[in-house]
1. Quick check on my link table: of 137/244; 99/249; 145/228; 25/244; 228/249; 99/137, which ones sit more than 27 Å apart, alpha carbon to alpha carbon?
2. Determine, for each peptide in 193-203, 22-32, 138-148, the mean count of other beta carbons within 10 angstrom over its residues, then list the peptides with the highest first.
3. For the stretch 143-184 and the stretch 93-137, what is the centre-to-centre distance using only Cα atoms, to the nearest Å?
4. Using +1 at the C-beta of Lys and Arg and -1 at the C-beta of Asp and Glu, which of 319, 345, 363 has the Cα lying farthest in the positive direction of the dipole of the stretch 307-381?
5. Quick one: 98, 185, fewest Cβ neighbours within 10 Å first, how do they rank?
6. Give me the net charge for the shell around residue 168: Cβ to Cβ below 10 angstrom, other residues only, Lys and Arg +1, Asp and Glu -1.
7. Ranked by Cβ crowding within 10 angstrom, fewest neighbours first, how are 238, 295, 376, 161 ordered?
8. Using the Cα gyration tensor of the stretch 307-381, with a ≥ b ≥ c the square roots of its eigenvalues, what is the shape: rounded (a/c below 1.5), prolate (a/b larger than b/c) or oblate (neither)?
Amino acid sequence: MGGGRKAQAQGDATRACGIRGTVVKLDRGFPLVLLDTGDALEGAAASAAESEAPMPEARVRKAPVPSPQSLEASDETTAETMETPRPLVRCEHATALVKGEHVRAAIGDRVAVQLPAGHDRGIICAIEPRATAFVRKDPADRTAKQVLAANFHLVAVVEPMNDLNRRRLERELVLAHETGASVAVVLTKADLVDPAQRAGILQDIRALAGRDTPVLGASLEDASSIGKVRELVGPGCMAILIGKSGVGKSSLVNALAGRALQSTASVRATDGKGRHTTVDRVLVEVPGGGAVVDMPGVRGLGLWDADQGLARAFADVEGLASQCRFRDCSHGDEPGCAVQAALASEELAPERLDSYRSLAREIAQVRVEREEARRMRGEKASDARRRKRR
Ligand SMILES: Nc1nc2c(ncn2[C@@H]2O[C@H](COP(=O)(O)OP(=O)(O)O)[C@@H](O)[C@H]2O)c(=O)[nH]1
Ligand SMILES: [Mg+2]
Ligand SMILES: [Zn+2]
């Protein structure tokens, strides 16, 4: 995909740009960037002049995940004053960066910015390669992907214990595992479930999530349950919360932070002219730990490239399938089908297989649509061919 050349180009742009920072929020589409250095605003003109000087190689080579320390500056105590050591700057994308491609900075992205004198916004001229990324199908364009967050270590999938939707949870787990980060499930509103039923629900969801995915029950009324979730978000860990609206994500973020701020608190951002505006906060520190992102406005969760995520989220089904006699077994009525055998012995629930099949179909369908769109644009369908050969 020419990724090497692109990365090289981005590396060059990073050097040319000079000032670096982390995207902490998208404000009506404009990334808010928390700059690494405080004197960037005053020094903008000077930095622009020095921009030809190459940065040390180590600083541009790898995308470091933002440390929770670097996010502390967004705390209202420091953001209150203009002398905040690390300003938040509202940015737009450089035309050269987005031309012809769906490249947009997402929460957590490490970026290089320019602060042109007389311009009321910063300009993002490079996005560093992402260590992890949460990707869904763009709801507005069936043939494009959308990155919602980057460079996090943990995806916490949030579902309410009193209104669990297994199908939705399975889809969320595929998306979560596809990111490459660690995955956990938090079942909120445990207090709304009969105590006698809680253990059974947890056991059930643990079986669904698989051995490597912790499943925790949580209730705002039970501090120790919040403490256990907090332990997942240790020092240096950046976690993102995903889940449908109303499942309790913001409440959980508040509880993890130990104070009510998610819906009410705000931070102040400054634009290129040093003016202040107030914005809702999305990235919140966990006392004694890392940081949590409560991703706003995630409605549809259409799958994109999710083969890895599917394999991890459905390790049970894929494990069985690998034992079928024929490698291309369709798990219908072929002889020696381990999946059918597991259905017969009730080791595998038919709904589980249905979920797997429908998610696999969706991934295949998205791939077909994407390849079609690519062909329409006159590009090679090399991606698809490579995959089919496996
Ligand atoms: N009973 C109970 N209600 C909760 C709990 N967590 C959240 N809620 C309620 O669920 C509703 C939605 O919560 P919110 O955090 O806004 O969900 P979000 O849309 O995912 O951010 C609110 O009325 C919360 O008070 C909980 O642990 N127990
Ligand atoms: Mg919310
Ligand atoms: Zn089979």
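1. Values: 137/244 16 Å; 99/249 35 Å; 145/228 34 Å; 25/244 19 Å; 228/249 16 Å; 99/137 20 Å.
Over 27 Å apart, Cα to Cα: 99/249; 145/228.
2. Most protected by this proxy first, the peptides run 22-32, 138-148, 193-203.
3. The stretch 143-184 and the stretch 93-137 have Cα centres separated by 24 Å.
4. Selected residue: 363.
5. Details: 98 14, 185 24.
Fewest to most other Cβ atoms nearby, the residues stand as 98, 185.
6. Working: positive: 166, 167, 171, 244; negative: 159, 170, 172.
Charge balance in the 10 Å sphere: +1.
7. Working: 238 27, 295 17, 376 9, 161 23.
In increasing order of surrounding Cβ atoms, one gets 376, 295, 161, 238.
8. On the way: a/c = 2.98, a/b = 2.28, b/c = 1.31.
It comes out prolate by the Cα gyration axes.
Throughout, read-outs are computed from the coordinates displayed, never taken from laboratory work. Keep in mind that what you see is a predicted model, and the values were worked out from it rather than measured. Positions of Cβ are backbone-derived with ideal geometry, glycine not excepted, and every protein chain shown enters the neighbour counts.
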